[in-house]
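Engineer: Input: one structure, supplied below.
The values are calculated or read from the model by the stated rules, or taken from the named source; none is laboratory data. Quick caveat: nothing in here was measured; it's all calculated off a predicted structure. All Cβ positions, even for glycine, are placed from backbone atoms using ideal geometry, and neighbour counts span all protein chains on display. Side chains are part of the model used for accessible areas, which takes the heavy atoms of the whole protein and leaves out ligands, DNA and RNA. Shrake-Rupley method; radii C 1.70, N 1.55, O 1.52, S 1.80 Å.
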Amino acid sequence: MAHNTIVDCVLYDGMTKESAQLANLTPGSEVQVTDTVDVYFVKARVTKDGKTVSGYMYRTCFPQP
């Protein structure tokens, strides 16, 4: 399901503080949420420079339902 971010966010390669940053997203960026992993993270997919990148984002990047 596609969602738009509401704040500056980062797509990470994992769910720890040491995880590498895969992409920086600005407010309004479209993100494909593929799974609700846990209380803090969702698994997401974005298109960056014509390539699809998958990783994890904080739930706080999106409006609450």
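Residue-by-condition table, conditions (1) touching a strand residue (DSSP E or B) at 6+ places or on another chain (Cβ under 6 Å); (2) exposed (fewer than 11 other Cβ atoms within 10 Å of the Cβ); (3) in a loop (DSSP other than H, G, I, E, B):
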site: PRO27; (1), (2), (3): no, no, yes
site: GLN32; (1), (2), (3): yes, no, no
site: VAL37; (1), (2), (3): yes, no, yes
site: ALA44; (1), (2), (3): yes, no, no
site: VAL53; (1), (2), (3): yes, no, no
site: TYR56; (1), (2), (3): yes, no, no
site: PRO63; (1), (2), (3): no, yes, yes
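Engineer: Next question. Anything in segment 1-34 that is without any contact (Cβ under 8 Å) to a residue 12 or more places away in the chain and within 11 Å of the chain's Cα centre (by Cα)? List them, or say none. Talk me through it step by step, then tell me what you get.
Structural biologist: Taking segment 1-34 as the starting set, the residues that turn out to be without any contact (Cβ under 8 Å) to a residue 12 or more places away in the chain are 16-18, 20-21.
Within segment 1-34, just GLN21 meets the criteria.
Engineer: Which of the residues belonging to segment 1-22 are open to solvent by 60 Å² or more (accessible area, probe 1.4 Å), assigned to a loop (DSSP other than H, G, I, E, B) and out of contact with any Phe, Trp or Tyr (no Cβ under 6 Å at 6 or more places or on another chain)?
Structural biologist: MET1, ILE6, VAL7, ASP8, ASP13, THR16, LYS17, GLU18
Engineer: Quick one: LYS48 ticks every box in (1) loosely packed, with under 13 Cβ neighbours inside 10 Å; (2) more than 14 Å from HIS3 (Cα to Cα) bar one, so which box is it?
Structural biologist: Here LYS48 meets the rest and fails (1).
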